[in-house]
Amino acid sequence: IDITSSGVWTNQLIDINVGAQAATGDVMNIALGATAVSAQALVIDSSGASSTDGWVLSGDNSGNAIWTGDMLNFRTGTGDASGDVIDITLEAGATDAQAMVVNNAAASDQAGWGFGVLSSGVFTSSMFQFDDTGNAAWTGNIFDIDTGTGNHTGNLVDLNIEASTNGDAQGIVINASGPPDQAGWAMEVNATGIFTSPVIDVDVAATSSGN
């Protein structure tokens with residue numbers, strides 16, 4: 001199918017409506033054969049300054065149905081793949097772009113509702129990795145959390161080191177190879193409110209010999 005448009009059109013070039021029926025087939029099914037190693041299933045190239053939300057891909061559960069399947073589902077297969085499942089490059093001029101934004105108006109009650117990782121394999125590398133490969137003099141924070149003024153009771157960071165055979169896990173490790181000259185370079189606490197509980201609280205339930 002080859003579609004070339006030069007006019008100002010206002011309707012859909014391709015419009016598919018499955019209707020209210022118990023369909024089980026796919027609306028679109030693309031199979032790349034074993035030798036189509038240079039083919040791409042979907043390519044979008046835009047030269048315009050798009051201002052419409054979802055101009056690349058838009059999904060809306062406008063019927064407010066209670067769905068149970070995943071909106072996006074990727075499976076790598078068992079081969080020793082080396083490509084990324086999702087690769088995002090923010091180019092030099094895109095200073096106001098954000099790689100991923102989650103807006104939540106729900107009273108979420110599922111663990112990992114913002115981002116969840118379930119690992120059953122033995123991994124040997126970091127799950128989250130930040131590396132200033134360009135050695136740029138950045139001034140923004142790598143992590144920035146604002147709690148808001150609500151009467152929240154959850155923790156900002158919650159670490160649960162479960163019982164294991166060797167017990168070699170560490171909660172936080174800081175390695176500094178530079179000459180730090182800032183007060184609180186490892187950890188800094190600035191409290192402007194009146195606090196009534198300890199800043200750091202250690203409660204040991206078992207007999208311990210460590211410091």
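Residues in the stretch 196-211 that are at pLDDT 90 or above and either over 22 Å from Ile174 (Cβ atoms) or open to solvent by less than 100 Å² (accessible area, probe 1.4 Å) (or both): Thr196, Ser197, Pro198, Val199.
Against the criterion of being β-branched (Val, Ile, Thr) and open to solvent by 90 Å² or more (accessible area, probe 1.4 Å), Val122 qualifies.
Checking Thr4, Thr24, Thr52 one by one, the residue that is loosely packed, with under 10 Cβ neighbours inside 10 Å, among the hydroxyl-bearing types (Ser, Thr, Tyr), touching a Ser or Thr at 6+ places or on another chain (Cβ under 9 Å) and in a loop (DSSP other than H, G, I, E, B) is Thr52 and no other. For beta carbons closer than 8 Å, sequence separation of 6+ or different chains, a first residue in the stretch 1-23 that is free of Cβ contacts under 8 Å to residues at least 24 places away in the same chain and under 27 Å from Asp45 (Cα atoms) and a second that is surrounded by 10 or more Cβ atoms within 10 Å (Cβ to Cβ) and acidic (Asp, Glu), there are no qualifying pairs. Close Cβ contacts (under 9 Å, 6 or more residues apart or on different chains) running from residues in the stretch 187-210 that are over 30 Å from Gly167 (Cα atoms) to residues that are among the small types (Gly, Ala, Ser) and open to solvent by less than 100 Å² (accessible area, probe 1.4 Å) comprise Asn190/Gly184. Here Ser108 does not qualify as assigned to a loop (DSSP other than H, G, I, E, B), open to solvent by 100 Å² or more (accessible area, probe 1.4 Å), more than 23 Å from Asp87 (Cα to Cα) and polar (S, T, N, Q). Kindly establish whether Leu32 is free of Cβ contacts under 8 Å to residues at least 24 places away in the same chain and more than 24 Å from the chain's Cα centre (by Cα). So Leu32 passes the test. Need pairs with beta-carbon distance below 9 Å; first residue of a type in the set (Phe, Trp, Tyr) and within the stretch 43-58, second open to solvent by less than 100 Å² (accessible area, probe 1.4 Å); sequence gap 6+ or separate chains. Between residues of the stretch 43-58 that are of a type in the set (Phe, Trp, Tyr) and residues that are open to solvent by less than 100 Å² (accessible area, probe 1.4 Å), the close pairs are Trp55/Ile44; Trp55/Ser46; Trp55/Gly48. Determine if the stretch 71-83 includes at least one residue that is over 30 Å from Ala169 (Cβ atoms) and open to solvent by 100 Å² or more (accessible area, probe 1.4 Å). Yes; the residues of the stretch 71-83 include at least one that is over 30 Å from Ala169 (Cβ atoms) and open to solvent by 100 Å² or more (accessible area, probe 1.4 Å).
The values are calculated or read from the model by the stated rules, or taken from the named source; none is laboratory data. All values reported here derive from a predicted model rather than from experimental measurement. Positions of Cβ are generated from backbone atoms using ideal geometry, with glycine treated the same way; all protein chains shown enter the neighbour counts. To get the accessible areas, we keep the full protein, side chains included, count just its heavy atoms, and leave off ligands, DNA and RNA. Shrake-Rupley method; radii C 1.70, N 1.55, O 1.52, S 1.80 Å.
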